[in-house]
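Before any comments, here is the structure.
The values are calculated or read from the model by the stated rules, or taken from the named source; none is laboratory data. Every value quoted in this text rests on a predicted model; they were computed, and no experiment measured them. When we count neighbours, we look across all protein chains shown, and the Cβ atoms used for this are built from the backbone with ideal geometry, even at glycine. In case anyone asks, the SASA skips ligands and DNA or RNA and just uses the protein heavy atoms, side chains included. Shrake-Rupley method; radii C 1.70, N 1.55, O 1.52, S 1.80 Å.
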Amino acid sequence: MTDAKTISRVARHVHVFLAENHEKAERRTWAVIILCSVMMIAEIVGGALFGSLALVADGLHMSTHAGALLLAALAYTYARKYANDRSFTFGTGKFGDLAGYSSAIVLAMIALLIGYEAVSRLHRL
């Protein structure tokens, strides 16, 4: 049998599982995205200007890092924005994990594509 005190305690229960330094980590992630994007653009432009395939390739490689970091930053932002939304029964703390998982899947697909291209080029020799 439940009493009014138990119901009141359960009704106030929240599922906010964000770390103390969540906002600080979110700001730092956005700062790293900006830094990574600036370096990416500089490498691609520099590679195009000076005819360096290595710089262009590294700039494109930096774009994958920027994309992965963007997923993380968006997860931070979404988790913070909806942390107190009661429609998320178990809270929003898992968005970071899901963003990391999604990023890993995308990077694994890119690695497989690079591996396929490398093997294809070896067979053409």
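Numbers for the structure displayed
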item: E117-A31 pseudo-label distance in nm [points 7 Å out on the Cα-to-Cβ vector]; result: 3.4 nm
item: Accessible area expressed per residue, the stretch 81-123, with surrounding protein chains retained (probe 1.4 Å, Å²); result: 80 Å²
item: Net length gained if the chain between I110 and A57 were fully extended (0.36 nm per residue, minus Cα distance); result: 17.7 nm
item: Mean projected area (nm²) of the alpha-carbon convex hull when the stretch 37-125 is viewed from all directions; result: 7.7 nm²
item: Using a Förster distance of 30 Å, the FRET efficiency for M39-D97 (Cβ separation, nearest 0.05); result: 0.65
